[in-house]
1. Kindly check whether there is at least one residue in region B:80-91 that is modelled with pLDDT of 70 or more and either of a type in the set (Val, Ile, Thr) or farther than 26 Å from B:Leu123 by Cβ (or both).
2. Of all residues in region A:124-168, which are of a type in the set (A, V, I, L, M, F, W, C) and away from chain B (no Cβ under 14 Å)?
3. Return the only residue of A:Val136, A:Val107 being in contact with a Lys or Arg (Cβ under 7 Å, 6 or more places away or on another chain) and either modelled with pLDDT under 95 or among the β-branched types (Val, Ile, Thr) (or both).
4. Anything in region A:39-65 that is more than 23 Å from A:Ser159 (Cβ to Cβ) and within 9 Å of chain B (Cβ to nearest Cβ)? List them, or say none.
5. Identify all residues within region A:239-260 that are within 14 Å of chain B (Cβ to nearest Cβ) and either within 20 Å of the chain's Cα centre (by Cα) or not charged (D, E, K, R) (or both); write none if there are none.
6. Out of the residues in region A:169-191 that are within 14 Å of another protein chain (Cβ to nearest Cβ) and more than 21 Å from the chain's Cα centre (by Cα), state the one that is surrounded by the most Cβ atoms within 10 Å (Cβ to Cβ).
7. Which one is farthest from B:Leu138 (Cα to Cα) among residues in region A:222-238 that are within 12 Å of chain B (Cβ to nearest Cβ) and open to solvent by 10 Å² or more (accessible area, probe 1.4 Å)?
8. For region B:84-106: of the residues being assigned to a helix (DSSP H, G or I) and either more than 8 Å from every other protein chain (Cβ to nearest Cβ) or over 23 Å from B:Thr50 (Cβ atoms) (or both), which is most open to solvent (accessible area, probe 1.4 Å)?
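The values are calculated or read from the model by the stated rules, or taken from the named source; none is laboratory data. It should be emphasised that the depicted structure is a prediction, and the values quoted were computed from it without experimental measurement. We place every Cβ from the backbone using ideal geometry, glycine too, and count neighbours over all the protein chains shown. The area values use the complete protein model at the heavy-atom level, side chains included, leaving out ligands, DNA and RNA. Shrake-Rupley method; radii C 1.70, N 1.55, O 1.52, S 1.80 Å.
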Amino acid sequence: MSETTFEGFPHLLGEWLKGTGPDADVVISTRVRFARNVQGYPFTGRASEQQRSDVLKVCEDALKEIHLDRSVVNIELDKIEDRKREVLVERHLISRELANGEGPRGVTFGRGEMLSIMLNEEDHLRLQWIKSGFDVDRAYKALCKIDRALETVIPYATSDRYGYLTACPTNVGTGMRVSVMVHLPALTLKENIDYVFKAAQRMNHAVRGLYGEGTRAFGDMYQISNQTTLGRSEEQIVEAIKAIVPKILEFERQRRGQLYTEERSFVEDKVLRSLALMRSARRLNVQEMMSHLSMLRLGIDLGIINDVPMRTVNELFILGQPSHLQVNEGRDLPPAERDTLRADLVRSRLSAGTN
Amino acid sequence: MDCQCCNKKPARIRICDVEESAIEEQLNVCPDCFNLIKRYMFDMNKPLMTTVDVIAEVQGLLTASGETALATLPEAGGITPVKSAPVPACPECGITLSEFRAKGRFGCRRDYEVFAEHLDPLLERIHDVQPARHEGRLPASAGRIEVVEKQLSLTDLRKRLAAAVAEENYEAAARLRDQINELEKQPKLGKTGE
């Protein structure tokens, strides 16, 4: 369980990128996470180096005890290079906070990259399960299995009054966050996004950028998640997200239909220019790549593009990120060189006939 | 631009709420309102509030019985201690209420008990729920907290003892040994369940 099998991993890609699952035309993935802490130790932010490594040990032993050690990759984050940690962030396996943190900390994830367990993040344990498409029930059930097994071997910090106790008061209670990653190009083009933000907020749900809090929504990718964790049961949180997300999906689909029927040449032009540009460009920065990929996704859904599979587009969103390029090259690259490599990657994946 | 608090005097000061190093909210106010807002914000008897919430309350004061209500606020620059007894620090992790407010993170699970009284209004606002009470499941083993805690602290103490001996810190080792003996003397709690 202690071997660090990072090599080779950046080439494999997770289940959640396959572009299938319910509502895959709009929803990339559904993620459920639980924040948990081990009783008897201060929260990570206030724990000494020794206490942090003790917590790590307690958790790793517990993971062995529930027989999670056979099919997982386990990485001690304080012992790997920066760019490798960045790859894990780009892959959504760890948070930026954990990557930039200090002291003993780690991540354990399944080979399909559906399960990921962050150790010594802001909370001792952050368990998450990602499924392709809009699939809250299955992600929730899968994660519950791990959590319920772990609670028999780890004494979680809880109280009757406040539930699962977390370092940040915004997570206390169930410690549960459901995040649905959605692609909303039509709502963005039609300038309806602010309306979605406000409506979601009124229902205690937040809409954020691709890489979580405070990040921008590159490529028209957004995360919708529950804001409140206290006073609502896990089931209620699941039901709420299942009530809100479909409304946003319907709104997006309606706008896509409208674009196609009423503004066909406008949307066709945008999509096909993006495809042509990506098939020819010799330099692409990450923002540019993401905004053109967004148009490609839209074009595939509207039937404007038929020779590019959705999975290819989803994968490029990840493989074209800066640290993925650098790790595949085995060294740090200056931005200009990254842009060239990114353009090469995109061209080779999108060239006609290879798919 | 007019002050966004009193809507009368010209705004001269901008207040920004910063969260996760990103600016969440920006409000422009006049110096008079700023003084009131400042007094309100440093009132340690009140839970941590966003500027928008503070302004709403200050506006309330301005329209209501002005003078008497204002008198209830601590003095301007109110970092000077307020009259009520200070909230003690957490005996387990040592964090104080103002430290928590500055960082927005607790130090350990005990903080939820130690600061409970100050916590409910904050939690009610964050989670838009009243009362601030957990709903739904808890681990099946939650009833056995005491047992687990005792075992944990014993293991902890033994580990520290071993470390102290290794470092040849015999003074600390002796103290730890006494603590372990003390704990072991206490009647064993029967294991329940399983």
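1. Taking every residue of region B:80-91 in turn, at least one turns out to be modelled with pLDDT of 70 or more and either of a type in the set (Val, Ile, Thr) or farther than 26 Å from B:Leu123 by Cβ (or both).
2. Of everything in region A:124-168, those that are of a type in the set (A, V, I, L, M, F, W, C) and away from chain B (no Cβ under 14 Å) turn out to be A:Trp129, A:Ile130, A:Phe134, A:Val136, A:Ala139, A:Ala142.
3. Working: A:Val107 fails: in contact with a Lys or Arg (Cβ under 7 Å, 6 or more places away or on another chain).
None of the others qualify; the one that does is A:Val136.
4. A:Gln50
5. Taking region A:239-260 and keeping what is within 14 Å of chain B (Cβ to nearest Cβ), we get A:239-240.
Of everything in region A:239-260, just one residue is within 14 Å of chain B (Cβ to nearest Cβ) and either within 20 Å of the chain's Cα centre (by Cα) or not charged (D, E, K, R) (or both), namely A:Ala240.
6. Per the stated criteria, the residue is A:Gly173.
7. Looking only at region A:222-238, we keep the residues that are within 12 Å of chain B (Cβ to nearest Cβ), and these are A:226-238.
Next cut, open to solvent by 10 Å² or more (accessible area, probe 1.4 Å) only: A:227, A:231-233, A:235-236.
Values: A:Gln227: 20, A:Gly231: 13, A:Arg232: 13, A:Ser233: 10, A:Glu235: 13, A:Gln236: 15 Å.
Going through the qualifying residues, I end up with A:Gln227.
8. B:Ala102
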